[in-house]
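Input: a single structure, listed below in structure tokens.
The values are calculated or read from the model by the stated rules, or taken from the named source; none is laboratory data. If you're wondering where the values come from, they're calculated on a predicted model, not measured in any experiment. Don't worry about glycine lacking a Cβ; one is built from the backbone with ideal geometry, like all the others, and counts go over all protein chains shown.
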Amino acid sequence: MRTELQLLAVLVALLVGLVAGKGWERYRLKDGRWVDRRRLRDTPHYMLGLSFLVDQQVDQAIDELTLAAGAGGQVLEIQMILGNLYRQKGQVSRAITIHQALLQRPSLAPLEHAYVLLCLGLDFRHGGFVDRASEAFREVLRIDPRNRHALLNLQKLHEEQHQWREAVEIRSQLASLDTRSHDDSQPILGFLRNQIGLQRAAEGDVVGAIRSFEEAIDVEARTTPAYLNLGDLHAREGRPADAIAVWERLVDASPDRAYLAFERLEQAFYSRGVPQRFVDLCQRLIRQNPQDWRARLALSRHLSAQDQPRPAYEVLLEALPHHPHGLAIHQEIWQVLSTLGLEPALVQRYRDLAREAVFYLDPHVCTRCRYRSTALLWQCPQCHDWNSFVEERTTPAKVMADLAREIE
């Protein structure tokens, strides 16, 4: 009986503690009265502020959240949101003031402290205070060593300062967190090691540069610029056979990026007296991917240079249906037609194929922030993401017309 009473007393104590904890979580004492924390989120100002924030109406969101903060006794989450909004507006000093004031609160839990520090680090980074931003992010990691946001921002800080070795170190820490982080990090580590290779090559450290480019390829086999740079280095050092071998590895590893090595390979094969190897390479890529218009374009240019305009023209006409909007194809066709004396029958075949085409310079778009570029970039200048550009393809007008008729 006594044991049962003891157990019952323990159970009652647990329930009382739970109720007290929930009450403390929900209520706080302000100006001599208890305020319901959860009711703060139900105020019209708070809800309106969030609505404006979702609609990206920053000024209105700040006005409403400021009123909500006043009604709620400076609730932590509202103050952090306000600071972030001021930073987004470019009022960095005001954001810094808000977040520094939050750090002075004695009742912050460790994770709350880490999050406020992270916001402050973002303020410093946005304002260009690199050292202070780095210090804030490292303090976040001292409190929360697995904080992905702090690691990512530290990596970007190092990248912006071209401190590639430090960026690799931070990214390696991020890769060790979990399987998903490891998989996401491998391509980025490849590009970062490629940058180290470029840095070493600029410093005259040829051996170190070669090692870095090879490491980049070992980390991620599709690190395209590492192949290009490694081959270029071998070529400059008088090792054309090694350069060719590296560029051919690129063709095998990333057939969709093989066109970046076409000009290099063509010149190397020609200089070694084996131009037929370039023809064989292009034909192999076309067999592997019948829609590869770039291999056909490269082959046609090679044939034109070898004084074979008619075969070059036939190859171009095969490429045209696969990329009817590509200005490069049309420019090459015009060049070949001029060489052939603008024979009426050949011109008519071209006109029949190109009637629905709208020309454009092959545009590339960042899949993360939609930044557009006519050139293929390895790092987006706007969001700084790596290897995020893809070629944007436009559906041929004839296909769109057929789809419209089907819909009707």
Inset, instruction - Determine which single condition residue 307 fails, assuming it passes every other condition in (1) in a helix (DSSP H, G or I); (2) over 21 Å from residue 376 (Cα atoms). - result: (1)
Inset, instruction - Kindly provide the set of residues from the range 67-90 that are surrounded by 14 or more Cβ atoms within 10 Å (Cβ to Cβ), more than 20 Å from residue 115 (Cα to Cα) and either basic (Lys, Arg) or modelled with pLDDT of 75 or more (or both), ordered by number. - result: 67, 68
Legend entry - Odd one out for residue 254, checked against (1) at pLDDT 95 or above; (2) under 19 Å from residue 186 (Cα atoms): (1)
Inset, instruction - Being of a type in the set (Val, Ile, Thr) and surrounded by fewer than 17 Cβ atoms within 10 Å (Cβ to Cβ) is the filter here, so list the residues in the range 232-278 that pass it. - result: 274
Inset, instruction - Kindly check whether there is at least one residue in the range 166-178 that is in contact (Cβ under 8 Å) with a residue 12 or more places away in the chain, in a helix (DSSP H, G or I), under 25 Å from residue 231 (Cα atoms) and more than 18 Å from the chain's Cα centre (by Cα). - result: no
Inset, instruction - Answer yes if at least one residue in the range 354-366 is modelled with pLDDT of 85 or more, closer than 28 Å to residue 228 by Cβ and either surrounded by 14 or more Cβ atoms within 10 Å (Cβ to Cβ) or among the aliphatic types (A, V, I, L, M) (or both), and no otherwise. - result: yes
Legend entry - Selected residue (only one of 163, 104, 155 is buried (at least 22 other Cβ atoms within 10 Å of the Cβ) and of a type in the set (S, T, N, Q)): 155
Legend entry - Every residue from the range 107-144 that is farther than 20 Å from residue 163 by Cβ and free of Cβ contacts under 8 Å to residues at least 12 places away in the same chain: 107, 109, 142
Inset, instruction - Confirm whether residue 185 is buried (at least 21 other Cβ atoms within 10 Å of the Cβ) and modelled with pLDDT under 95. - result: yes
Inset, instruction - State all residues of the range 183-227 that are assigned to a helix (DSSP H, G or I), without any contact (Cβ under 8 Å) to a residue 24 or more places away in the chain and either closer than 17 Å to residue 387 by Cβ or among the acidic types (Asp, Glu) (or both); if no residue qualifies, say none. - result: 183, 184, 185, 213, 214, 215, 218
